[in-house]
């Protein structure tokens, strides 16, 4: 089956005055499945719902709220995961993926925006997974997916179209909850991944390895070796110079560590927030930019590497400077 690539004439901003929605004056006779079937933006979604044997469920009384990926969203998902549509439709994870897009209850755009702007902006989905609603300006996000059309009414609920397929949260394959963060960084540095050599040297030089082996919990935003190489080039220094400059090195490393455990969904929910780091004079800004999670501008490339005392998220840039200083510690 080929996934259609559609050129969607949709607005890029949610702002309710400018987003597509159903006419509230029209009678709603079609259920969620029939509504999706009548809209050629959702051909792949309809095929997936059928393959996962979820048609009867979504034609039930509900009400349901469906965050519905467009055909273009599915095409991107297939390309990013090197899959054909047939592979997705045959996957034993298909039902789990689809039910992660469904909320048991009707949530119109106005309510979703209110939830997104609140302190309780993580909701439970039908597959028992957690989903974060957040705002970037006037744009509503479900995790990393932007809501591009709102309030498509059906007889048993409502559909909101999104621009990316939602992926249920899962621990990274690099996780090892029998190892501390310090031990896990060492393992990854010396193992087949061979990724965090400079980070490991920096942590040891700053004498933070014992701290990151402590009880925690911690969240570490871990720069790759390529990220450190780029920093050294930008500063026009050698690695030895960085490792020897203790005050500078300590401050940099500490602003990559949060003194609590923040998993990926919690990070999505923090979109737009400034989060205090272990560097007492620095916070980092969590943002969703172009469908990516960023920490003070650094793109998160791997999430949820779980350890016994916290979690690591891999980033592509060293956070050398921040523009959100916290008050100096007393």
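Legend: ranking of residues 100, 77 from fewest to most surrounding C-beta atoms inside 10 Å; resulting order 77, 100.
Only helices enter the 222 nm calculation for the chain: every DSSP H run of n ≥ 4 contributes -39,500 (n - 2.57), and dividing by all residues gives -8000 deg cm²/dmol, rounded to 500. Quick one: pull the percentage of alpha-carbon pairs in segment 16-162 with a separation above 27 Å. Distances greater than 27 Å cover 17 percent of the Cα pairs.
Take every Cα pair under 8 Å whose residues are at least 6 apart in sequence, average their separation, divide by the length of the chain, and the relative contact order is 17 percent.
Rounded, prolate or oblate for segment 192-263? Axes are the square roots of the Cα gyration tensor eigenvalues, ordered a ≥ b ≥ c, and the cut-off for rounded is a/c under 1.5.
Cα axes put segment 192-263 in the prolate bin.
Translational diffusion of the chain, estimated by Stokes-Einstein from the Kirkwood radius over alpha carbon pairs at 4 °C in a medium of 1.567 mPa s, is 60 µm² per second. Size descriptors for segment 181-315 (Cα atoms only): Rg and Dmax, in that order, 14.1, 38 Å.
If you count the DSSP beta bridges with both ends in the chain, what percent of them are antiparallel, to the nearest 5?
On the way: 34 of 47 bridges.
Looking only at bridges with both residues in the chain, the antiparallel portion is about 70 percent.
Under 8 Å for C-alpha pairs, at least 6 residues apart: give me the relative contact order for segment 16-162, rounded to a whole percent. All intermediate terms of the calculation are to be shown ahead of the outcome.
Numbers: 234 pairs, mean separation 47.4, N = 147.
Once normalised by length, the contact order is 32 percent.
With no solvent and one point on each alpha carbon, what is the Debye value of log10 I(q)/I(0) for segment 238-330 at q = 0.16, 0.17, 0.23 Å⁻¹? Debye output, listed in q order: -0.68, -0.76, -1.26.
Along each principal axis, taking the top coordinate minus the bottom one, the Cα set of segment 94-166 gives 32, 25, 21 Å in descending order. Normalised by residue count, segment 132-192 yields a Cα convex hull volume of 149 Å³ per residue.
Between segment 235-301 and segment 108-145, what's the alpha-carbon centroid distance in Å? The distance from the Cα centre of segment 235-301 to that of segment 108-145 comes to 24 Å.
Cα gyration tensor of segment 129-244, axes a ≥ b ≥ c as square roots of the eigenvalues: rounded (a/c below 1.5), prolate (a/b > b/c) or oblate? Since a/c reaches 1.5 and a/b is larger than b/c, the shape of segment 129-244 is classed as prolate.
The label-point distance for residue 260 and residue 235, in a model that sets each label 7 Å from Cα toward Cβ, rounds to 3.0 nm. Distance between the pseudo-spin-label points of residue 281 and residue 114 (7 Å out from Cα toward the beta carbon): 4.4 nm.
Run the numbers on segment 31-115 and let me know its relative contact order in percent, using alpha-carbon pairs under 8 Å that are six or more apart. Each step should come with its number before you reach the end.
Details: 71 pairs, mean separation 30.2, N = 85.
Over segment 31-115, the number comes to 36 percent.
If you build the Cα gyration tensor of segment 170-233 and take the root of 5 times each eigenvalue, what three semi-axes come out, in whole angstrom, biggest first? Provide the component values of the computation, followed by the final result.
Numbers: eigenvalues 73, 46, 22 Å².
They are 19, 15, 10 Å, listed from largest to smallest.
Values in this text are rule-based calculations from the coordinates and carry no lab data. Since the model is a prediction, treat every value here as computed from it, not as a measurement. We place every Cβ from the backbone using ideal geometry, glycine too, and count neighbours over all the protein chains shown.
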